[in-house]
Amino acid sequence: MLSIVKRIIGQMKNDQRSLGLLLFAPLLVLTLLFFILGDSNYLPKIAVYDMNEKFVTELENHAAVSEETEKPEAVDYLEINGIDALIWSDSEGTHIELLEKNSKSAAAIKAITDTNKALQPAQNELIMDYVYETSGDNQLDSLAYVFLGVISFFFVFILSEMSFVRERFGQTLERMLMTPISRIDVIGGYTLGYGLLAAIQSVVIILYAVYVLQLQVEGSVALCTLVMILMAFSAVSVGALVSIFANNELQLVQFIPVIIIPQIFFSGLIPIDTIPFGLGNLCYLTPIYYGCTALEMIMIQGKGFLAIWPWLVGSVIFIGVLFLVNVTALKKYRRL
């Protein structure tokens, strides 16, 4: 038994990459959790119309307040102006219009509730209304775009990185590189081959979610499918990149939390502009951000192609950049 222990420790000592991933990957993920989910200094932005001065003065202690001289009637007023909530009152009570159910709306509601508590007697009854609210009105419908994007990306990433490493361990890649075939053809062939399989998986997932599980989609199912296919090709490209830098399957498994978990924070689970220290800007480096944002706009907000095309272009650019990086990284195995 002691000899086995010594052999395992010796193997790990010689495999410095596995040792580094074992020791530092959890610390990296925990550090990201600390910064992203730690105390947020986000101050909700609230617009008020025809509210009494006492209420507005107290609300300014809890939120960034702007006063409107006329009641905004446009449906996209909140979205265009970056406002989290609009408040006005009438004989029925105090109306609060919010964009959608997320932590920004929760912060706005808390600011208004704290304001009401500070005022004695309390103001009128609060009547809340959301601009984007799924008709199913359940947690799965409101977060379906996150689960679809993350689950699809995760399984395709696992499939592609394991498959690429198996090709290397089976000497298939090395034998292929001994032929006159170019690195572009090798990466293109692998990406297209595994990408097509992943695309089929994505189509099955979205059709199952919509027509079997009856998840609510306010917009086009075809657009959702297009977004999922682009995410599948992104996942294949990321899996190929990671597999090039992993020397064994153990290292691949250890790369999973490093690659997948940080991206979950940028999937729409947390509003990007509430993430402190400017870490929200890291979203542009993660393919899941482009896919899940587009899915949210289609599934929750009912937006069409003209609204989501920037995120589609972002996904395509991401795939193209990863393709070039993978072609360059393949020099590790053959210099042409």
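The values are calculated or read from the model by the stated rules, or taken from the named source; none is laboratory data. Everything numeric here is computed off the predicted structure, so don't read it as measured data. FYI the Cβ positions are ideal-geometry reconstructions off the backbone, even for glycines, and counts take in every protein chain you see. Side chains are part of the model used for accessible areas, which takes the heavy atoms of the whole protein and leaves out ligands, DNA and RNA. Shrake-Rupley method; radii C 1.70, N 1.55, O 1.52, S 1.80 Å.
Which sequence of E92, E79, E53, E249 reflects their accessible areas, 1.4 Å probe, from the largest down?
E53, E92, E249, E79
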Each residue of the range 322-328 in turn: what ³J(HN,Hα) in whole Hz from Karplus with 6.51, -1.76, 1.60 and θ = phi - 60°, glycine and Pro shown as x?
5, 4, 5, 5, 5, 4, 5
How large is ³J(HN,Hα), in whole Hz, for each residue of the range 41-50 in order, when computed from phi with the Karplus curve 6.51 cos²θ - 1.76 cosθ + 1.60 and θ = phi - 60°, using x for Gly and Pro?
8, 5, 10, x, 9, 10, 9, 10, 9, 6
Once amide hydrogens are built 1.01 Å from N within the peptide plane, the residues lying 5 or more places from G302 or on another chain with amide H under 5 Å from its amide H are E218, G219
For a quick check of understanding: with a 1.4 angstrom probe and all protein chains in place, what accessible area in square angstrom does M128 have, to the nearest ten?
90 Å²
With a 1.4 Å probe and all protein chains kept in place, how do K110, K71, K331 rank by accessible area, largest first?
K110, K331, K71
Residue by residue through the range 217-231, what is 3J(HN,Hα) from phi via Karplus (6.51 cos²θ - 1.76 cosθ + 1.60, θ = phi - 60°)? Round to whole Hz and write x for glycine and proline.
10, 6, x, 8, 5, 4, 5, 4, 5, 4, 4, 5, 5, 4, 5
Any residue on another chain or 5+ positions along whose placed amide H is under 5 Å from the amide H of V48 is listed here as S66, E67, E68, I87
Amide H to amide H, which residues 5 or more places from H95 or on other chains are under 5 Å from it, using H placed in the peptide plane?
W88, S89, D90, I127
With a 1.4 Å probe and all protein chains kept in place, how much accessible area does M297 have, in Å² rounded to the nearest 10?
20 Å²
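Which loop chymotrypsin sites (Phe, Trp or Tyr not before Pro) in the range 231-325, with loop taken from DSSP, have no more than 16 other Cβ atoms within 10 angstrom of their Cβ?
F245
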